[in-house]
Amino acid sequence: MIHARTLTALEFYRITEQLAGLCLSGVGRERALSIAPLPDAEAVATAAKVYEQAADWAGRPVPGGTTFSVCAFPDVGGLLHAAATSRAHAFQPDVDAFWALREVLRLAKEAHASIAVPDAPDRWPHLLAMADGAPLPVQLTAALLRCISDDALLRDESSPELYRLRGELRRLHQNCMHKVKDFAMQYNMLAYLQDEFMTLSSDRYVLPLKANYKGRMQGIIHDWSQTGETCYFEPMFLVEINNRLQELKREEREEERKVLTYLRGLLEAELPGARAALELLANLDVLQAERRLAALFDGRCLPLTPVAEGIQLLEARHPLLLLNRAAESGATGGKHGGKDDGRDNAKTTARNKVRPLDIVLRPGERALVITGGNAGGKTVCLKTLGLIAAMTLSGLPVPVGAGSHLPWFSRLDAFIGDEQSLADNVSTFTAQIEHLAKAWKHLDASGLVLLDEFGAGTDPAQGAALAQAVLDELLDKHTFVLAATHFPALKSYALTHEGARAASMLFDPQSRKPLFRLAYDQVGASQALDVAREHGLAESIVRRAEHYLLQDGQDATALLGRLNDLAARREEELADLKREQEKARRQAQDVREKLEKERTRLHDEVRAQAGDLMRAWKEGRATHKQALKEMSRLRASLAPAHDDAGNESVLPSPSSFAAGQQVLHAVFNKRGVITDVDERRGRVRLDMNGVNLWAAMKDLRTPGQGEAAPGGSGKSAPRASVSRSGGDEPASLRLDMRGMRADVALAELERFMDKALLAGFSEVEVVHGRGTGALRRQVHDFLRTFPAVGQFALAPEDRGGDGMTIVTFR
């Protein structure tokens, strides 16, 4: 647990207030204000997953093509509470209340539909579980959408009787208009009327008659205008119509009451579903507000790690300081957090104004003692860890860098600030002791204690001794503790005790201004005299203080100052190295991206050229030999430049070249026979299975048993093999299609034939097996239509018989 006193000391309530201000609904704001640390680590991990999955869901378009987002919706909590607690005759909601409920249910239905998509169990399972926590009220939603209009009125279609009554009312109105118009024209009454249209008074149709003509006609005066110049007059011929009008309106009100009673019954029957709809929208509103809050300070949800891994907050910034700077810079302008460039620049400015801290306790370390000058940031460091821990345990995103993590804290106690209370008659020191005594029995290995100047409110020697004893006991309990102190005894304690670590808040060596950065494994000077001088204390007082300090022999300022200077230079060097590392990483990434783009471009270009070449050959625009030469030229243009130092083949290079010698072309990975040698230019002419080309001598290797099969990569295609028989038999390429489906086999055969033609083979073998003969017939039908096939026939029995077909190209 985290005591309310600790949350107040850390100002956690200001975070929830900021979050509530980013919500769009009243119920969402109430939910945000009530956020508190969760009861266990599993709940925290689940909340973090829901947040991350909600961020993924929020950026994904719904089936309609738009992105769903929660908009402002009415708070119907009071209506649902009344439906649950009031007796049936006392609970009579009006049309406005049902309209508000209609809006909530409509929005909840759309939200649920956008979450419960087919891939939701894989994309956002925790968000889906939250949405499916309780079924939405299907009948109530449909009834409200049918009965309540967008302008909060009952629709005519709410019931057949209401539809009939309103239709008759409209017909009655039209009939009345016609009668008034005919009567006025017949008796020339237009001169008597202030307006040629009739109106309503006391819910009856009347005519606006000029006051000086009121005695000219028979009828009833219902009212007068404020000036007295107009009286609202009901002629006798309208009396019967108005009586019928009142009767219809009374029946309409009764029918409307029946519709509302019907809706009330549905609400009472599906009350849990209505509550689930409101709960879903409230949760989504808060999650949306959390994403806006994270956008303000570039936050993320921290993972919880085992206690043994310690604490690691990298580039941690105090959340409230960030929010304050963002507000000053204008980054929080606009409640909905739009993607405005000026606002993004303001956020960057706010981040730059708040210095990041690395708060680290390595495995095996439990205590961090922070020293340094006054106003140097020690208390801010403690509050940063405490507030980030409280936000993490509440499932909220926090402003830290990648790689940060925290363990699960079952208890967090902070002793920060002046806890003096005149009402309770206790001093600051006494209040700290009382609160620590109450919490002591609850502290264990999963606790975190923040001590700000603990023991400073009493005799320095006794206070330091007490602080050391508290640290001893906390280390024995394996409790995590951060302590900020000026006691020299605690400074040496942090450097000498196992499980404790010292850290100092750095200051600038020239200006003596704080740098708000932590240097680990060293202690810092308090610099009280420098702070006093900077804030205007008389120089004579400061000089006398320095004199007394020298007399006491306790001035270690010079030594600590040199340590600070060394640490400050070290931090600057580390920062420079980090910037150089980031620059090198970005440059390497740019190079990789450029290479990938170039590789993709070349791949597409070669595929297009090869496709054009194949189409030209099939369409007869290029001969077989022309196509082979062009393909060879294309492959040669893609061959990488080989240097002898970096790309040596595992095969030996020939010591001499002679006509008739058999060699391996390392670029094409194909065998060839030398037909001519050009010593002057360092090249030979190769015959590679009918393809003649000049090749550089440095690209040739002596063929051996371990070279890759012709084709390039050393990996032959599935079910395809290359063989060369003895003597003068032509080279052949074999395709084994046994076990393939007919459609797959024919597609594989077409690719195989194209490859054989480009490789220059004159004869190929197609193994289709005996079986029923169906595959053999389909293969032969395909070969009859293939333009490059000269002839084909079944193989002799010694080569496979009717299970294989031998194909000869033209």
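Table for the structure above
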{"quantity": "Sum of side-chain charges, PHE487 neighbourhood, beta-carbon under 12 Å (Lys, Arg +1; Asp, Glu -1)", "calculated": "-1"}
{"quantity": "Spin-label pair ASN175/HIS442, simplified geometry with 7 Å Cα→Cβ offset, distance in nm", "calculated": "7.8 nm"}
{"quantity": "ILE220-THR261 FRET efficiency (beta carbon distance; Förster radius 35 Å; 0.05 resolution)", "calculated": "0.45"}
{"quantity": "C-alpha center-to-center spacing [segment 745-778, segment 2-75] in angstrom", "calculated": "64 Å"}
{"quantity": "Protection proxy ranking, peptides 442-452, 583-593, 406-416, average beta carbon neighbours within 10 Å, highest first", "calculated": "406-416, 442-452, 583-593"}
{"quantity": "FRET E, pair ARG799, GLU619, Förster distance 41 Å, beta-carbon r, rounded to 0.05", "calculated": "0.75"}
{"quantity": "Under 23 Å from LYS594, Cα to Cα: lysines that are on another chain or at least 8 residues apart", "calculated": "LYS583"}
{"quantity": "Amide H contacts of LEU448 (H built 1.01 Å from N, under 5 Å, at least 5 apart or other chain)", "calculated": "ARG411, LEU412, ASP413"}
{"quantity": "Cα→Cβ-extended label distance, 7 Å offset, between ALA538 and ASP521, nm", "calculated": "4.7 nm"}
{"quantity": "Highest-first arrangement of 612-619, 383-390, 32-39, where packing means the average Cβ count within 10 Å", "calculated": "383-390, 32-39, 612-619"}
{"quantity": "Amide H partners (placed H, <5 Å) of LEU515, local residues excluded", "calculated": "LEU506, PHE507, ASP508"}
{"quantity": "Links that overshoot a 25 Å alpha carbon limit, given the list LYS49/LYS441; LYS629/LYS755; LYS353/LYS513; LYS179/LYS210", "calculated": "LYS49/LYS441"}
{"quantity": "Solvent exposure, largest accessible area first (probe 1.4 Å, DNA, RNA and ligands not counted), of GLU251, GLU598, GLU42", "calculated": "GLU42, GLU598, GLU251"}
{"quantity": "Heavy-atom accessible area ranking, 1.4 Å probe, most first, across TRP694, TRP57", "calculated": "TRP694, TRP57"}
{"quantity": "In sequence order, calculated HN-Hα J values of segment 468-483 (Karplus, 6.51, -1.76, 1.60; Hz; x Gly/Pro)", "calculated": "5, 5, 5, 5, 4, 5, 5, 5, 5, 7, 6, 7, 6, 8, 10, 10"}
{"quantity": "For segment 1-83: span of alpha carbons on each principal axis (Å, largest first)", "calculated": "49, 35, 24"}
{"quantity": "Positive minus negative residues near LEU140 (Lys, Arg vs Asp, Glu; Cβ under 12 Å)", "calculated": "+4"}
{"quantity": "Cut-off 14 Å (backbone N to label point 7 Å along Cα→Cβ of LEU33), residues of segment 1-27", "calculated": "13-27"}
{"quantity": "Net length gained if the chain between TYR163 and ARG253 were fully extended (0.36 nm per residue, minus Cα distance)", "calculated": "31.2 nm"}
{"quantity": "Cα extents of segment 360-503 along the three principal axes, largest first (Å)", "calculated": "43, 38, 33"}
{"quantity": "Separation in nanometres of the label points that stand 7 Å from Cα toward Cβ, at GLU580 and GLU279", "calculated": "5.8 nm"}
{"quantity": "Two-site FRET efficiency, LYS477 against ALA84, from Cβ-Cβ distance with R₀ of 30 Å, rounded to 0.05", "calculated": "0.05"}
{"quantity": "Amide H contacts of LEU193 (H built 1.01 Å from N, under 5 Å, at least 5 apart or other chain)", "calculated": "LYS210"}
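The values are calculated or read from the model by the stated rules, or taken from the named source; none is laboratory data. A quick note: this is a predicted structure, and the numbers were derived from the prediction, not measured. Glycine also receives a Cβ, built like all others from the backbone with ideal geometry; neighbour counts cover every protein chain displayed. Note: areas computed on protein heavy atoms with side chains; ligands, DNA, RNA excluded. Shrake-Rupley method; radii C 1.70, N 1.55, O 1.52, S 1.80 Å.
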